[in-house]
Amino acid sequence: MPHDSVEGHDSAADRDAGRLAALYDAHAAPVWRYVVHLTGDRSGADDIVQETLLRAWRTPRILEQDPSTTRSWMFTVARHLVIDEARSARRRREIGVAEVPERIAPDGTDALFEAIIVEEALAALTTEHRAVVVRAYYRGQSIAEMADELDIPAGTVKSRLHYGLRSLRLTLQEKGLTR
């Protein structure tokens, strides 16, 4: 009888190991590339990926979701771990001063990470979609100005802008930036 419970324990451990291996195979490389892109630190990325995978493995509801949803969740967790690490590293390097500075500069870490993610998402768009999105949102051009500059009908500009923004939104959601 004790032998049966040991076998049951081994199969549960084997299932856990299999789930962890499948999780690693499916998500580790993309999450690692994402973290390296955010930090530039290849060795530090390993620690972030390991912690991200461990948190996913410890969260059964995440593992039961669609793989793309799981990956988005993992990107978000990895991003938060990177931010936490950056903030704690900055705190370790702080030096006490006798007087508080007159102006407190806002922390630009989140804005920097968001800019990197938006840049990646824009790069994923087709050339035609990226051209109208950039002209509309970064140059402030009107539909008519874009149509004239690109030498295409205004209706085509509107269509490309619509589909470009939709694709951009989906890409940003996949990367965990859901505004």
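A compact table of results
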read-out	value
Per-residue [θ]222 nm for the chain (sum of -39500 (n - 2.57) over DSSP H runs n ≥ 4, rounded to 500)	-26500 deg cm²/dmol
Sorted by Cβ neighbour density within 10 Å, fewest at the top, the residues Lys158, Lys175	Lys158, Lys175
Simple Cβ-charge dipole of the chain, Lys/Arg +1 and Asp/Glu -1, about Cα centre, in debye nearest 20	500 debye
Residues Arg61, Arg15 arranged by fewest to most Cβ contacts within 10 Å	Arg61, Arg15
Charge dipole (the chain, unit charges on Cβ, about Cα centre) - positive-most of Ile116, Thr127, Ile152	Ile152
Rel. contact order, % - alpha carbon contacts under 8 angstrom, at least six apart, the chain	20 percent
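Every read-out reported here was derived from the displayed coordinates using simple, explicitly stated rules and does not represent laboratory data. These figures come from a predicted structure and were not determined experimentally. Glycine gets a Cβ as well: all are built from the backbone with ideal geometry, and neighbour counts include every protein chain shown.
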